[in-house]
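Notes to accompany the following structure.
The values are calculated or read from the model by the stated rules, or taken from the named source; none is laboratory data. Remember, it's a predicted structure, so these values are computed and weren't measured experimentally. Note that we place each Cβ from the backbone using ideal geometry, even for glycine, and neighbour counts take in every protein chain shown. The area values use the complete protein model at the heavy-atom level, side chains included, leaving out ligands, DNA and RNA. Shrake-Rupley method; radii C 1.70, N 1.55, O 1.52, S 1.80 Å.
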Amino acid sequence: MSAEKKTLVIRNGTLIDGSGQAASRNDAIVIEGNRIKSVGALPPDIRLEDRGNVELLDAGGQWIMPGLIDAHCHMSYGYPAIKGEGKGKGTTRPEFSTLKSARSAQKVLRSGVTSISVPGGTWFTDVGVRDAIRLGLMEGPRMFTAGRMIITYGCIEDDEPSWEGTPDHAIGKLCNSADEMVTEVRRQHKHSVNFIKMADSRSGDSQMLAREEIAAVVAEAHRRDLPVAIHSRGAGSTRAAAEAGVDWIMHADLATDADLEAVAKGGMPILPTATFLGQVVELGQKVSPDQVQLDFTRMKRHFDLLCELMHKARKLGIKLLVGTDTGNNTFMRHGELHGKEMEIFVKYGGYTPMEAIVAATKGNAVAVGLQGQVGEIAPGKLADVIVLDADPLADITVLQGGKHLSWVIKDGRIVDLGPRDDLLTFRHAAE
Ligand SMILES: [Zn+2]
């Protein structure tokens, strides 16, 4: 951060600090550089009238909380759909894909999401966008990103016939042996991914990744300090992932009670990701039927199982991460749905609004590699803060779509929110 940056002080308002403590009256939050310096009484050395060095935000009558973290957000495929390309999964042009990713990243941040975890995309697009944000070329959320998903024949994202394999614009990367997977982990590490994503079968009915393969990926990735996440709906893959020590498991809806006990013993969180399924169920017939993977009956079943899982996880002491799968399909638009998973946690998962907020802030920090660093408004934490004109504890849906945001602060800087109608307009090339 540059030396001329002013000290930022947020006064008044109601503070929801992300720790789970009850909301309380805010006196002063002081931000210096990209960190929170103090929370509470205004330190005597801060002179509010020194406008040359102090910028004051008055949040009177408003609600202050940590920036949201979406633990499951794709950037480089799925949206917008372009006629004749890639089955609606993306484009075959890396240049276009990168620009689209960059624009989507801006929309994500402007909706109050200050960090995202990106479990898979095309080429190394997401790595490039992450670095462009880091270097200040453009505004966007903190991005913690995987490369293409490590898969075998028959896994999700193995969409082409075997003689085509998985070209670079595919989200999956075929690796049909543990050796090939280890090589791919090394290749992705060389290209600076933040974590490794593996993916078992689409629906979890049969296990595609062998236990030895999962273990081999975990061993190699961990040796290189890369966490491993796995798309695993099934029982067998969930158990194997738990026993191999993956860092988080995505979905796990077909896991048996005994498998979930193995997850509890392994100590890793589950990222249910019910939003995408919830949208499919809600949108019903509006979604084009040629998108073959959208079998509504199956989606409804997964959705119901995930809601059950939320209750089971609490009993077993399994932590849940909060993510939406935004960007995985044409109707999962960036900037719109990142708060939806919290609504589902509250409506169907037995969470209080406060528990859902904590899960999507402090709790989600692990999914962006910043556990203990971000997601809380406390001295020493990274200064990612949002201010809302409505109370998210009274209505958790006010966190959706950025409609109630007064300010978004990321890394200690106030984000330009742009024109308010901009967030929801992103023309589909296909329309
Ligand atoms: Zn996904």
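Cβ-Cβ distance of D304 and A41, R₀ of 60 Å, FRET efficiency by 1/(1 + (r/R0)^6): the value works out to about 0.80.
Take the Cβ-Cβ distance between S19 and W163 as r, set R0 to 45 Å, and report the resulting FRET efficiency rounded to the nearest 0.05. Write out the running numbers ahead of the final one.
Details: r = 54 Å, r/R0 = 1.20.
Between S19 and W163 the formula returns 0.25.
Relative contact order for the chain: what percent, with Cα pairs under 8 Å and sequence separation of 6 or more?
So the answer I get is 20 percent.
Can you figure out the FRET efficiency of N34 with S192, using R₀ = 22 Å and their beta-carbon distance, to the nearest 0.05? E(calc), rounded to 0.05, equals 0.55. Projected onto their three principal axes, the Cα atoms of segment 1-51 cover extents of 35, 23, 15 Å, largest first. Taking amide H positions as modeled 1.01 Å from N, with prolines and chain starts lacking one, the residues under 5 Å from S19 and 5 or more places away or on another chain are I377. Average accessible surface for the chain: 39 Å² per residue, computed with a 1.4 Å probe over protein heavy atoms with every protein chain in place. In order along segment 337-348, phi translates into HN-Hα couplings of 10, 4, x, 5, 4, 4, 4, 5, 4, 6, 6, 10 Hz, rounded to whole numbers, per the Karplus curve 6.51 cos²θ - 1.76 cosθ + 1.60 with θ = phi - 60° and x for Gly and Pro. Each Cα pair under 8 Å and six or more residues apart adds its separation to the average, and for segment 313-397 the resulting relative contact order is 23 percent. Of all the options K190, K340, K403, the one that moves most in a Gaussian network model of the chain with Cα springs shorter than 10 angstrom is K190. Solvent-accessible area of segment 86-234 (1.4 angstrom probe, protein heavy atoms only): carbon and sulfur portion equals 52 percent.
Using a 10 Å cut-off on Cβ atoms, rank the peptides 259-265, 26-32 from the highest mean neighbour count down. Please report the intermediate quantities before stating the final value.
Numbers: 259-265: 18.6, 26-32: 21.3.
Most protected by this proxy first, the peptides run 26-32, 259-265.
Here, segment 365-414 has an Rg and a Dmax of 12.1, 30 Å when only alpha carbons are counted. Across the alpha-carbon atoms of segment 109-251, the computed radius of gyration and Dmax are 15.0, 44 angstrom. Counting every pair of alpha carbons in the chain, the share spaced more than 29 Å apart comes to 43 percent. Percentage of Cα-Cα pair distances in segment 64-190 greater than 27 Å, rounded to whole percent? Result for the distance tail: 21 percent. The modelled label-to-label distance for the pair K5/K315, using points 7 Å beyond Cα in the direction of Cβ, is 4.7 nm. Distance between the C-alpha centers of segment 304-357 and segment 159-230? Whole Å please. The two parts, judged by their Cα centres, are 25 Å apart.
Take the Cα of D58, go 7 Å toward its beta carbon, and the backbone nitrogen atoms of segment 6-36 under 13 Å from that spot belong to 11-13. Pairwise alpha-carbon distances in segment 301-382 exceed 21 Å for 35% of all pairs.
Normalised by the residues of segment 54-181, what does the relative contact order come to in percent, with Cα pairs under 8 Å and at least six apart?
Numbers: 215 pairs, mean separation 28.1, N = 128.
The value is 22 percent.
Here the Karplus relation 6.51 cos²θ - 1.76 cosθ + 1.60, evaluated at θ = phi - 60°, turns the backbone of segment 7-12 into coupling constants of 5, 9, 10, 9, 10, 6 Hz, with x for every Gly and Pro. Note on the chain: with a GNM built from Cα contacts shorter than 10 Å, the maximum mean-square fluctuation among E160, E212, E308 falls on E160. Comparing mean-square fluctuations of S162, S203, S232 from a GNM of the chain with C-alpha springs under 10 Å, the top value falls on S162.
Computed over the Cα atoms of segment 323-366, pair by distinct pair, the Kirkwood hydrodynamic radius stands at 11.0 angstrom.
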